[in-house]
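These notes are about the structure you will find just below.
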Amino acid sequence: MAHLSASERESIVDAATGINDERAKAIALAGLGAAMAHLTEAQRGRLVDAAIGLNDEWAKADALAGLGGGMAHLTEPQRGRLVGAAIGIGDEGKRALALAAVLAGTAHLTYTQRERVAVAFNGIRDEEKVHVFATVVAGLTSLL
């Protein structure tokens, strides 16, 4: 994304947030998580809003997991909204996926945000945790 002009990046954000099919939108949003460094604060906010606005919890979890890769570039309120959305996912397996991605960006969370995620993650059954635990460990070791 670094090689694109500001208007081209805006077009890509518009395209991703304008997708009607929620599963397809989640894939597009997740893919832009790695590009957060090249987007404006407003564009990053639009991606967060679009992910949080997904009604399909599986799609939402996938989008949040992808956006979690850009935690370093989100504002504290944007990170807080991402944390809240991940915690609010009803399906335990998908909540574990989203929380693991958020925890991968642990170094960029406030103490309160880390505590909220840790409490929520600890409330998930071990069978679900094991699938995403490597991501969690990577995030926690980034604090060392």
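Results, tabulated for the structure shown:
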| item | result |
| --- | --- |
| From E57, E41, E10, residue being over 27 Å from A107 (Cα atoms), touching a residue at least 12 places away in the same chain (Cβ under 8 Å) and open to solvent by 40 Å² or more (accessible area, probe 1.4 Å) | E10 |
| Inter-residue pairs, beta-carbon under 9 Å, first under 12 Å from G68 (Cα atoms) and in the range 80-100, second part of a loop (DSSP other than H, G, I, E, B) and open to solvent by 20 Å² or more (accessible area, probe 1.4 Å), 6+ apart | G80/T110; L97/H131; A100/H131 |
| Tabulated pairs, the range 21-34, first assigned to a helix (DSSP H, G or I), second open to solvent by less than 40 Å² (accessible area, probe 1.4 Å) and of a type outside the set (G, A, S), C-beta under 6 angstrom, 6+ apart or interchain | E22/L54; L29/L47; L32/L47; G33/L67 |
| Residue selected from the range 108-144 under the condition part of a loop (DSSP other than H, G, I, E, B) and open to solvent by less than 70 Å² (accessible area, probe 1.4 Å), by the criterion modelled with the lowest pLDDT | S142 |
| Residues satisfying the stated conditions in the range 79-103, i.e. open to solvent by less than 20 Å² (accessible area, probe 1.4 Å) and within 22 Å of D14 (Cβ to Cβ) | L82, A85 |
| Hey, E22 farther than 20 Å from G90 by Cα and at pLDDT 95 or above or not | no |
| Selected residue (only one of I52, I27 is surrounded by fewer than 24 Cβ atoms within 10 Å (Cβ to Cβ), farther than 22 Å from L109 by Cβ and in contact with a helix residue (DSSP H, G or I) (Cβ under 8 Å, 6 or more places away or on another chain)) | I27 |
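The values are calculated or read from the model by the stated rules, or taken from the named source; none is laboratory data. Quick caveat: nothing in here was measured; it's all calculated off a predicted structure. Here the Cβ is made from the backbone with ideal geometry for all residues, glycine too, and neighbour counts use every protein chain on show. Heads up: the accessible areas ignore ligands, DNA and RNA and are worked out on the full protein's heavy atoms, side chains in. Shrake-Rupley method; radii C 1.70, N 1.55, O 1.52, S 1.80 Å.
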